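Beneath this line is the structure, given in structure tokens, with notes to follow.
Just so it is clear, none of the values below were taken in a lab; they were calculated from the coordinates. Quick caveat, the model's predicted, so the values are computed rather than measured. Because the Cβ atoms are built from the backbone with ideal geometry, glycine has one as well, and the counts that use them run over all protein chains shown.
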Amino acid sequence: MVTNVTDKYLKMKIHILGICGTFMGGLAQILIEKGFTVSGSDQQFYPPMSDQLDAMGVEMIQGYEASNLPAAELYVIGNALSRGNPSVEFILNQKLEYTSGPKMLGEIIKDRTVIAVSGTHGKTSTSFLLCEIFKAQKIDIGFLVGGVSQAFNHSARLGSAEYFVIEADEYDSAFFDKRSKFIHYHPDTFIINNIEFDHADIFQNLSDILKQFHHAIRTVPENGNILSHNGENNIAELMAMGCWSKQHKIGTSDTIQLSPDLSSIAFEDIKFDTAKLPMHGEHNLNNALMAIYAAYLHGIHPKESFAALQKSQGVKRRFETIFQNDTKVVIDDFAHHPTAISFTIEAAKKYFSKQRILGIIELGSNTMSQGHHGKTLYESASKLDKAFWLNVSSKKNQEFEYESVDVLLKDLEDDLDNFDVILIMSNKDSKKISEPLIERITNK
């Protein structure tokens, strides 16, 4: 295994296993900017990442048969691959050089000022809001974010400025490195939006997650920054484990605050009208607060940040309107945790206050589909006028869960006329739901 990825690898051929994931595909874009020759394997290639890779001339190989694995000086192995994979076994048997994606990225950005955005919810949105703020200042920001923003052509770029924004995921790095990805990034500013139990496939309990977050906190320098929202009990427990950097509690008079009625943001003696921002819901406004204050710590005044966010183009699949006609609106959202689901529904109820809302919620994560949230999951949708639950995993948790999209949509068809807004929430490929749904709406 490679212990240090340095410029000695430049111009060499790198092969990425699991290249169509948002992180590994983003890493491929950065490696190409650095001058590497990049190819990649995956089980499936799908847009938008496949389109981005194709535009960059990346050779894409479907499947992991060892006979199809191209020669390369270094193999970057994604965390979706494990022992037993034919390509992995070939690399190990032949003693070929390999590393993880987070390890390699960490080496590439080690001399940059790194702003890492972590937490159970809001990582992608907060990261892209920060990038939009820097972009408005004509700063050529580097970034890697696990989503697609309307404001950028790609989900990652190396950039030429000193700053690099990274969506810092707590999921594990690779089959040979079970530490969280963010342990490799050594951030100068570490944002922790929130911490809740998730990823039940790799974490036994909340304590396991807090332990990984604390490993990351240990890497933040004394003159670095740790930002979190005031009143987050799990983060307070985390900080009690030890903190050696400057702490900033967002939501206090010492930093920046959102008014109780969500109508304004206060910074020192300045107030900003949230009605001028294009995002909906308290959770999205809190993401904006975090981005504004993080930018302030790196030299951008909140007045300039707020002006930039008024023109924010948003993130795909974050309360995104994907269809609208005279009678129906279809919203696509990435919510895949009880807290995120309730936040999204709250935003929808406020924005569509006089309309009836139907929800289609897919139990897409392992934590959801395996029933780890219990009744809390179903209670999170209680404010919807009606909810349909989709669980295509091997086991239903409740009798009312649907195991087939086709059966769900057939039953939903009789209800379509009774609702104005259809809110799809899934962290999987939501097009399998949205495309036939929109077809039924337009054909009615």
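What the table below lists for this structure:
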read-out: Net charge of neighbours whose Cβ lies under 15 Å from the Cβ of Pro70, counting Lys and Arg as +1 and Asp and Glu as -1; value: -4
read-out: Ranked list, fewest to most other Cβ atoms within 10 Å of each Cβ, for Cys131, Cys243; value: Cys243, Cys131
read-out: Exposure proxy ranking, count of Cβ atoms within 10 Å, fewest first, for Thr274, Thr252; value: Thr252, Thr274
read-out: Rounded to 5, the percent of DSSP beta bridges in the chain classed as antiparallel; value: 20 percent
read-out: Alpha carbon centroid spacing (whole Å) that separates the stretch 164-215 from the stretch 345-422; value: 29 Å
read-out: Directionally averaged projected area (convex hull, Cα atoms, the stretch 93-190), nm²; value: 7.1 nm²
read-out: Convex hull of Cα atoms in the chain, direction-averaged projection (nm²); value: 21.5 nm²
read-out: Protection-proxy order for peptides 316-324, 257-265, each taking the mean of Cβ atoms within 10 Å per residue, highest first; value: 316-324, 257-265
read-out: P(r) histogram, all alpha-carbon pairs of the stretch 176-324 included - 10 Å bins from 0, percent; value: 10, 35, 33, 20, 2, 0
read-out: Computed helical MRE - 222 nm, the chain, DSSP H runs ≥ 4 contributing -39500 (n - 2.57), nearest 500; value: -9000 deg cm²/dmol
read-out: Highest to lowest packing among 162-168, 192-198, 395-401, 221-227, scored as the average C-beta count within 10 Å; value: 162-168, 192-198, 221-227, 395-401
read-out: Projected area averaged over orientations for the stretch 308-444, convex hull of C-alpha atoms, nm²; value: 8.6 nm²
read-out: Calculated on alpha-carbon atoms, Rg and Dmax of the stretch 361-415 in Å; value: 11.1, 32
